[in-house]
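To start, the structure under review is shown below, and the notes come after it.
The values are calculated or read from the model by the stated rules, or taken from the named source; none is laboratory data. Since we're looking at a predicted model, the values are computed, not measured. With ligands, DNA and RNA removed, areas are computed over all heavy atoms of the protein, side chains included. Shrake-Rupley method; radii C 1.70, N 1.55, O 1.52, S 1.80 Å.
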Amino acid sequence: MIIDTGRNINEYGQVFQDAGLQIAQSMGLGFNGWWATPLTDSYVVAGNKPATKTAK
């Protein structure tokens, strides 16, 4: 999971995909994500590693 105050949400999504992760959540945090002022939004990108099937 990455939380950033910049607008790099798409770049982080690409990094997660390049690492083989599926994006589980990608959104702005609204007023709960204000770190300093309402002018500084925060965004979250969360990913999950897909389960792998094991051979029997």
Counting each DSSP H run of 4 or more residues in the chain as -39500 (n - 2.57), what helix-only mean residue ellipticity at 222 nm follows after dividing by all residues, to the nearest 500 deg cm²/dmol?
-5000 deg cm²/dmol
Label selected from (i) 41, 31, 15; (ii) 39, 21, 21; (iii) 55, 19, 11, the criterion being Cα extents along the principal axes in Å as computed here:
(iii)
Can you compute 3J(HN,Hα) from phi for each residue in segment 24-31, using the Karplus curve 6.51 cos²θ - 1.76 cosθ + 1.60 with θ = phi - 60°, rounded to whole Hz and x for Gly and Pro?
9, 7, 8, 6, x, 9, x, 5
Segment 1-41 - accessible surface per residue (Å², probe 1.4 Å)
79
Please state the relative contact order of the chain as a whole percent: Cα pairs under 8 Å, 6+ residues apart?
43
